[in-house]
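What follows draws every value from the coordinates through simple rules; no lab data is involved. Just so you know, these numbers come straight off a predicted model, no measurement behind them. We place every Cβ from the backbone using ideal geometry, glycine too, and count neighbours over all the protein chains shown.
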Amino acid sequence: MSKRLRISVIGVKGYPYVYGGYETFIKEISERLIKKNCHVTIYCHKSLFINKPNIIKGINLVYIPTIETKILSQPIHSFFSIIHCCFSKCDIILAVNSANGPLGLITRIFNKPTVINVDGLEWLRPKWKGLGSIYFKWASKMATIFFDQIISDSNEMREVYLELFKKNSKVIAYGANIRKSIKPDLIKTWGLNIREYYLVVGRLIPDNNADLIINGFLSTKSKKKLVIVGDVTYKDKYANNLKSINDKRLVFTGYVNNQEVLAELYHNCYVYIHGHQYGGTNPTMIKALAYQTAILALETSFNKEMLQNERFGLFFKKQVKSVCEMINYCENKISLINELRLNSINGITKKYDWDFITQDYLEVFRNLVQKGKK
């Protein structure tokens with residue numbers, strides 16, 4: 001019998017704290033890795049957990065403190081986590097977020113095999129202006145130097161790393177669990193009716209283009225509503241300006257943490273509108289496919305890859321006029337929207353299946369550990 005593989009995970013908020021895309025990703029693959037007889041340790045933010053069990057579902061949990069600031073909280077946590085990893089008996093370290101790229105120097109010193117999921121183009125996002133943007137681009141470059149294996153979650157992201165940093169990466173996408181509508185009445189919380197609203201899901205930050213979508217929608221004469229799910233956890237002028245718009249067709253739900261309720265909002269909308277601009281396989285749009293939703297997305301190379309051009313969705317350009325025109329088009333093409341809704345589930349190919357994704361990661365881990373033994 002082969003030795004049980006010991007995997008340590010850093011760069012997330014923790015487990016089972018499903019905060020966002022990274023946390024969902026780690027939850028999905030870790031639970032599957034345990035079933036494949038792996039030993040998994042996840043490093044958690046100590047302050048986020050009232051109860052701190054050492055093991056949940058066979059997954060080992062280590063709680064590391066940090067300094068709670070918007071910018072430094074995660075880097076400091078990752079630093080102390082990776083130090084702890086290097087003094088542990090783990091066989092391999094999985095890091096998420098290219099911001100952790102420089103920490104690969106530490107693992108090199110301790111001769112620990114490493115894998116990093118670099119996610120999106122963080123240095124281009126408006127929230128990281130100036131030094132933040134410079135750091136993310138530098139850190140991403142460091143990841144390609146110090147980490148043993150770079151993982152991109154889309155072919156388009158692989159091309160970016162090849163062009164910018166001259167470094168190839170293995171493409172392993174983000175996944176989704178296919179689900180059908182179970183309790184459509186859950187949308188009644190906001191007085192919504194089935195197919196009588198458009199849906200936007202994402203944090204209220206500039207790179208998700210909620211302002212563009214809202215202004216485009218308000219330029220139409222649609223009698224449907226526009227439901228905006230999401231917010232920010234800090235005081236923010238951009239978000240506050242959006243939430244202050246007074247129009248009875250706009251519904252701001254804030255964060256919807258109940259996954260059953262969120263799923264029903266996807267299932268029962270007329271069209272899901274996706275404005276995310278940067279990144280590879282986006283968690284909110286992969287859910288839209290898995291939940292049988294008609295999709296209207298911002299025209300980017302990443303979104304076109306996910307939707308296989310127009311096979312599984314429609315596109316708008318980054319212009320208010322284009323959003324307006326495409327919403328009007330959707331209003332007049334009911335049969336097309338119904339067809340897109342029925343067909344979207346076929347966009348969840350093997351590439352986006354969590355079992356397939358987990359097996360891909362496991363093969364990467366085993367190859368690196370075996371290579372290190374030679």
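Using each residue's phi in region 270-287, evaluate 6.51 cos²θ - 1.76 cosθ + 1.60 at θ = phi - 60° and report the 3J(HN,Hα) Karplus result to the nearest Hz, with x for Gly and Pro.
In residue order, the calculated couplings are 6, 9, 8, 10, 10, x, 5, 9, 10, x, x, 6, 8, x, 6, 7, 5, 5 Hz.
Test of understanding: ordering Phe136, Phe80, Phe302 by Cβ neighbours within 10 Å, fewest first, what list do you get?
The order, fewest Cβ neighbours first, is Phe80, Phe136, Phe302.
Take Phe165, Phe147 and order them by how many other Cβ atoms sit within 10 Å, fewest up front.
Neighbour counts put them in this order, fewest first: Phe165, Phe147.
May I ask which residue of His276, Ser81, Asn338 lies farthest towards the positive end of the charge dipole of the chain, with charges of +1 (Lys, Arg) and -1 (Asp, Glu) on Cβ and the Cα centre as origin?
The residue sitting most towards the positive pole is Ser81.
What whole-number distance in Å separates the alpha-carbon centres of region 242-304 and region 124-167?
A separation of 26 Å, based on Cα centres.
Note down the magnitude of the dipole of the chain about its Cα centre, charges +1 on Lys and Arg C-beta and -1 on Asp and Glu C-beta and zero elsewhere, to the nearest 20 debye.
Taking the Cα centre of the chain as origin, the dipole is about 620 debye.
Quick one: Leu218, Leu212, fewest Cβ neighbours within 10 Å first, how do they rank?
Placing the least packed residue first, the sequence is Leu218, Leu212.
On a C-alpha basis, how far is the centre of region 1-41 from the centre of region 184-231 in Å? Whole number, if you could?
Measuring centre to centre over Cα atoms gives 34 Å.
Treating only the Cβ atoms of Lys and Arg (+1) and Asp and Glu (-1) as charged, compute the dipole magnitude of region 191-307 about its Cα centre; round to the nearest 20 debye.
400
Tabulate in residue order the Karplus-calculated ³J(HN,Hα) for region 229-238, using 6.51 cos²θ - 1.76 cosθ + 1.60 with θ = phi - 60°, rounded to whole Hz; enter x for Gly and Pro.
Karplus values, whole Hz, x for Gly and Pro: 9, x, 6, 10, 8, 9, 5, 8, 5, 4.
Based on DSSP H runs of at least 4 residues, each adding -39500 (n - 2.57), what is the mean residue ellipticity at 222 nm of the chain after dividing by all its residues, to the nearest 500 deg cm²/dmol?
Taking each H run of at least 4 residues, the total per residue is -11500 deg cm²/dmol.
If contacts are Cα pairs under 8 angstrom and at least 6 residues apart, what is the relative contact order of the chain in percent?
Computed value for the chain: 15 percent relative contact order.
Exceeding 27 Å between C-alpha atoms, which entries from my cross-link table qualify? They are Lys170/Lys287; Lys13/Lys57; Lys46/Lys141; Lys27/Lys224; Lys89/Lys129; Lys188/Lys237.
Those over the limit are Lys46/Lys141; Lys27/Lys224; Lys89/Lys129; Lys188/Lys237.
Between 0 and 90 degrees, rounded to the nearest ten: what's the tilt of helix 131-146 against the longest Cα principal axis of the chain?
The angle comes out at about 50 degrees.
Any idea what diffusion coefficient region 184-350 gets from Stokes-Einstein, in µm²/s, Kirkwood Rh on alpha carbon pairs, 4 °C, 1.567 mPa s?
It diffuses with D of about 82 µm²/s by this estimate.
Computed from these coordinates, which is volume of the Cα convex hull per residue in Å³: (i) 122; (ii) 143; (iii) 162?
(ii)
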